[in-house]
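Here is the structure we will look at.
The values are calculated or read from the model by the stated rules, or taken from the named source; none is laboratory data. For clarity, every value in this text was computed on a predicted model and none was experimentally measured. Every residue, glycine as well, gets a Cβ built from its backbone with ideal geometry; the counts of neighbours run over all protein chains shown. Please note that ligands, DNA and RNA were not included when accessible areas were found on the heavy atoms of the full protein model with its side chains. Shrake-Rupley method; radii C 1.70, N 1.55, O 1.52, S 1.80 Å.
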Amino acid sequence: MSDTRNDGELLRAIAADADRRAFEELYRRYAPWLRARLRGRCADLGVVDDVVQETFLAVWRGTARHRQDGHSSDAAGWLWRIGSRRLVDALRGDGARGRLRQALARLRHRDEVSAEERVLAGVEHGDLAGALVRLSPELRAVLQATVIDGLTTREAAVLLGIPPGTVKTRAMRARKQLREALA
């Protein structure tokens, strides 16, 4: 039996009364859509499923509040904003830096210095560190998101709150400035 309330009514019932039936109906309406949309951003289905669950848990627990401005509610857009932020958070946690740390941890038992450790030492203490410091905060933020955290251009755009084209432009400028500084 399907609920006939509109999205706004469902959201109000969830927020005001912790209405389980309203929550279940909202989940049935939007979880498949959100899952499909997130799959377009992340190939790891486990991460996608976790993000969908975290999104709806935030709705149920009231940690995500929907603001309605008097006319029709945009539940889909609101859920997408919650889900996309949670996806970026999940991807940042599992980004390139995390994978690099794991690889370094596995190599610590070796006596020889790994290539990764040499690169990291150069980043912290060498010419690259100086070149990175001289970049503007905007260019450094794009490099952090795309290179260190391993995010795609779209994910970095969501994270930084800028258009994907701006991410690409700033990444190109940052690489050019680094090449010139290190030449």
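What figure in square angstrom, to the nearest 10, would you give for the accessible area of L87 with a 1.4 Å probe?
L87 exposes around 10 Å² with every protein chain in place.
Using the reciprocal of the averaged 1/r over all distinct C-alpha pairs, how large is the Kirkwood radius of the range 16-64 in Å?
Roughly 11.3 Å, rounded to one decimal.
What is the local net charge at T169, summed over the other residues whose Cβ is closer than 12 Å to its Cβ (Lys, Arg +1; Asp, Glu -1)? Spell out each step's value before the answer.
Working: positive: K168, R170, R173, R175, K176; negative: E138.
That works out to +4.
Quick one: Karplus J couplings for the range 155-162, per residue in order, coefficients 6.51, -1.76, 1.60, θ = phi - 60°, nearest Hz, x for Gly and Pro?
Per-residue couplings from phi come out as 5, 5, 4, 5, 4, 8, x, 10 Hz.
Give me the accessible area per residue for the range 127-169, probe 1.4 Å, as a whole number in Å².
Accessible surface, normalised per residue, equals 51 Å².
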